[in-house]
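The values are calculated or read from the model by the stated rules, or taken from the named source; none is laboratory data. Treat the numbers as computed from the prediction; the structure is a model and nothing was measured. All Cβ positions, glycine included, derive from the backbone under ideal geometry; neighbour counts span all protein chains shown. In case anyone asks, the SASA skips ligands and DNA or RNA and just uses the protein heavy atoms, side chains included. Shrake-Rupley method; radii C 1.70, N 1.55, O 1.52, S 1.80 Å.
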Amino acid sequence: MLAYVVRRTAILLVSVLIAAAVLFLLLRLLPGDPANALVSVGADAQQIEAARRQVGSDLPISAQFVRYLGQLGSLDLGTSFVSGVSVLEEIGRRLTVTLPLTALAFVSAILLALPLGILAAVKRDRWYGGLISVVSQLGVAVPVFWIGILLVTAFAVKLRLFPSSGFPPSGWRDPLAALHQLVLPILTIALVMSASLIRYVRSATLDVIGSDYLRTARALGAGYGEALVRHGIRNGAVPVISILGIELASTLLGAVVVERVFSLPGLGSMLLSGIEQRDYPSVQGVLFISTLMVLLVGFAADLIQRLVDPRLRGPSGGRS
């Protein structure tokens with residue numbers, strides 16, 4: 001297991017390096033010079049050249065890349081062209097909205113999907129088992145922004161139970177106010193994510209129900225529920241953990257849509273603002289941090305799978 005962790009850590013570091021290189025090259029392939037964001041319309045050649053020296057775009061692309069890697073190594077993501085604030089500091093401030101939003105939505109989706117997915121599998125021959133499957137299929141097809149608009153219309157406009165947008169200026173100094181502001185965004189993400197998770201939990205549970213070891217446990221005198229809990233859940237959790245990692249990663253990347261719908265000052269709104277204002281350091285920093293978080297989620301999900309299932313820690317599992 002230790003050898004596997006070391007190998008996966010090495011792969012993670014190489015993946016981060018490749019991701020940084022791809023992001024750097026893609027942004028440099030965009031039309032226009034990053035220095036244009038610092039100068040006004042009608043600037044003369046001297047002003048433009050000074051701006052290029054300031055942002056480093058006067059250097060060869062190889063020198064820019066080496067400089068960029070050096071900045072990453074020292075945890076320096078640059079300074080915003082627009083606000084003049086450190087990009088890393090601004091990302092840290094924005095993450096105080098994005099990370100709680102994603103984490104709470106993720107937990108809420110699991111709490112919804114696990115019991116409903118198991119119920120849909122165990123009671124698949126009952127009407128409510130089929131209804132859960134149908135609703136989850138429909139939920140996967142519904143765009144996240146449409147669900148957000150429906151929730152705002154119902155709970156903010158009609159019932160006036162929750163605010164429709166924004167975040168308290170004091171942030172998390174008043175946790176209840178912050179949570180109250182995030183209820184509808186959390187519910188929006190949780191509903192979309194749980195619809196997808198229910199299908200996978202149902203499929204994993206059906207595999208467990210039809211397995212030989214579950215029939216053996218019942219033949220030895222264990223009740224249906226006892227056999228499912230003691231022997232089935234752990235085996236069924238392995239494929240679900242992989243899906244959970246994918247869902248969490250996609251939620252981190254998809255937060256931009258939800259944050260836009262609810263006007264939240266998170267990482268997604270920072271990315272959109274950076275794109276609109278051609279703020280290259282902000283865009284590059286947000287994309288790098290988002291990619292890093294996705295890679296870390298995949299790394300953690302892989303390790304958890306091997307901790308849950310001892311078979312994956314064997315020689316054949318270690319090589320996969």
Could you figure out which of (1) open to solvent by 70 Å² or more (accessible area, probe 1.4 Å); (2) acidic (Asp, Glu); (3) in contact (Cβ under 8 Å) with a residue 24 or more places away in the chain isn't true of Glu89?
(3)
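Would you mention how many residues in segment 147-177 are touching a residue at least 24 places away in the same chain (Cβ under 8 Å), touching a Phe, Trp or Tyr at 6+ places or on another chain (Cβ under 6 Å) and either of a type in the set (S, T, N, Q) or open to solvent by less than 60 Å² (accessible area, probe 1.4 Å) (or both)? Before you say what the answer is, go through the steps one by one.
Keep residues of segment 147-177 that are touching a residue at least 24 places away in the same chain (Cβ under 8 Å), which gives 147-149, 151-152, 155-156, 164-167, 171-172.
Retained after the next criterion (residues that are touching a Phe, Trp or Tyr at 6+ places or on another chain (Cβ under 6 Å)): 155-156, 165.
In the following step, the residues that additionally are either of a type in the set (S, T, N, Q) or open to solvent by less than 60 Å² (accessible area, probe 1.4 Å) (or both) were identified as 156, 165.
Count: 2.
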Selection from segment 273-294 of residues surrounded by fewer than 17 Cβ atoms within 10 Å (Cβ to Cβ) and modelled with pLDDT of 85 or more yields Leu292
Matching residues, segment 98-139, being open to solvent by 70 Å² or more (accessible area, probe 1.4 Å) and either among the β-branched types (Val, Ile, Thr) or touching a residue at least 12 places away in the same chain (Cβ under 8 Å) (or both)
Val107, Leu114, Arg124, Val134, Val135, Gln137, Leu138
Output for segment 250-268, where each listed residue is modelled with pLDDT of 80 or more and surrounded by 20 or more Cβ atoms within 10 Å (Cβ to Cβ)
Val258, Glu259, Val261, Phe262, Leu264, Gly266, Leu267, Gly268
Would you check if Val82 is at pLDDT below 90, surrounded by fewer than 17 Cβ atoms within 10 Å (Cβ to Cβ) and within 25 Å of the chain's Cα centre (by Cα)?
no
When (1) over 20 Å from the mean Cα position of the chain (by Cα); (2) under 17 Å from Leu138 (Cβ atoms) are applied to Ala195, the one that fails is (1)
